[in-house]
Amino acid sequence: MKDQKRDELRVWGEGVRTLAPEEVLAAAAGRFAGRIAFASSMGVEDQVITQMIATARIPIPIFTLDTGRLFPETYDLIEETSSHYGLPLRVFFPDALEVEEMVADHGVNLFLDDVALRKRCCEVRKLRPLARALEGLDAWVCGLRQGQSANRAETEVVEWDAAHGLVKINPLAGWSSEQVQEYANEHRVVRNPLHERGFPSIGCTPCTRAVEPGEDERNGRWWWESDSQRECGLHTRIADTDGEVSS
């Protein structure tokens, strides 16, 4: 990222980081008009953001990724969310041929064999569809929070996403899990019923499990791996060309 653009982003980010999430979304929609989208994983944080976008009629389109291995409850939620809020949710799918070749080479449950194969599965089913979804955009909105895991502790409301070459907007970055739940309850946010069964983070069926009360939220994802590896790659923090670590 060029120094001038980084400075402009830093100044703008400083100006919005203390705003309420709805105000952050509105400011981002104005700054990146027509070149911004919200990537929803259909989790409770993302459903809260969807509620905010719908209620305030903020012009930010919403998309989600269908890996082909989601929970039935998640598929139902996609349909319910679109109907309830009157918003179209664009769904991006992995390339069928790439999935076929991957499974032919390594088996249908390759992600259990080693971390490299699990990350390859995530790349085919998530990262490549995401790349298509982000084409032509300058910014994307995500539901990341600092309290979700150690890997996300440095998440900022506005940051440069060096991995994807875009500005990333995280309006709930500073919110606690309790704040998310309070908002969701107060506004009757449409949610995945799996949250009530001990699933704070919901991804693909074979890679997600319920967690015990008080357990780290991300422990239900790829629990057979170490915490430092427990990301799919959508939100990898890397150093950009100037050496600054970004998401």
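The values are calculated or read from the model by the stated rules, or taken from the named source; none is laboratory data. Treat the numbers as computed from the prediction; the structure is a model and nothing was measured. Glycine gets a Cβ as well: all are built from the backbone with ideal geometry, and neighbour counts include every protein chain shown. The protein model used for the area step is the full one, side chains on, heavy atoms only, and it has no ligands, DNA or RNA in it. Shrake-Rupley method; radii C 1.70, N 1.55, O 1.52, S 1.80 Å.
Distance between the modelled labels on Ser82 and Lys5, one decimal in nanometres: 3.3 nm (7 Å Cα→Cβ projection).
Between Leu19 and Ala131, what length in nm is gained on full extension when 0.36 nm per residue of separation is reduced by their alpha carbon distance? Provide the component values of the computation, followed by the final result.
Details: separation 112, 0.36 × 112 = 40.32 nm, distance 2.91 nm.
Working it through step by step, the gained length comes to 37.4 nm.
Here the sum of -39500 (n - 2.57) over DSSP H runs of 4 or more residues, divided by the residues of the chain, equals -10500 deg cm²/dmol at 222 nm, to the nearest 500.
Karplus-based coupling profile of the range 110-118, in residue order and whole Hz: 4, 5, 7, 7, 7, 4, 4, 6, 4, with θ = phi - 60° in 6.51 cos²θ - 1.76 cosθ + 1.60 and x standing for Gly or Pro.
Scalar couplings 3J(HN,Hα) for the range 35-45, obtained by applying the Karplus form with A = 6.51, B = -1.76, C = 1.60 to θ = phi - 60°, are 10, 9, 8, 9, 8, 9, 8, 6, x, 4, 4 Hz; x denotes Gly and Pro. Decide, for the range 47-115, between rounded, prolate and oblate: order the square roots of the alpha carbon gyration tensor eigenvalues as a ≥ b ≥ c, take rounded if a/c falls under 1.5, and otherwise choose prolate if a/b is larger than b/c, else oblate. Prolate, because a/c is 1.5 or more and a/b exceeds b/c.
Classify the range 65-169 from the C-alpha gyration tensor, please: rounded if a/c falls under 1.5, else prolate or oblate depending on whether a/b exceeds b/c. Verdict is oblate for the range 65-169.
Whole number in Å², please: accessible area per residue of the chain, 1.4 Å probe, ligands, DNA and RNA not counted.
For the chain, the per-residue accessible area is 48 Å².
Counting lysine pairs in the chain that sit 8 or more residues apart in sequence, or on different chains, and whose Cα atoms lie under 27 Å apart gives 4. For the range 1-125, what does the alpha-carbon gyration tensor say about shape, rounded, prolate or oblate, given a ≥ b ≥ c as the root eigenvalues, a/c under 1.5 as rounded, and a/b over b/c as prolate? Since a/c reaches 1.5 but b/c is at least a/b, the shape of the range 1-125 is classed as oblate. Using a Gaussian network model of the chain whose springs link C-alpha atoms within less than 10 Å, name the residue from Val124, Val44, Val11 with the highest mean-square fluctuation. Judging by the Gaussian network model, the answer is Val11.
Note on the chain: with a GNM built from Cα contacts shorter than 10 Å, the maximum mean-square fluctuation among Arg118, Arg221, Arg188 falls on Arg188. Using C-alpha pairs under 8 Å with a sequence gap of at least 6, the mean separation divided by the residue count of the chain gives a relative contact order of 22 percent. Residues whose amide H comes within less than 5 Å of that of Val158, counting only those at least five positions distant or on another chain, are Asn170 (H built at 1.01 Å from N in the peptide plane).
Considering only Asp138, Asp76, Asp161, the mean-square fluctuation computed in a Gaussian network model of the chain, springs between alpha carbons under 10 angstrom, is largest for Asp76.
Its relative contact order, with pairs defined as Cα atoms under 8 Å and 6+ residues apart, puts the range 1-63 at 32 percent. The antiparallel fraction among DSSP beta bridges confined to the chain stands at about 40%. Under the convention that each Lys and Arg Cβ holds +1 and each Asp and Glu Cβ holds -1, the size of the dipole of the chain around its Cα centre is about 380 debye.
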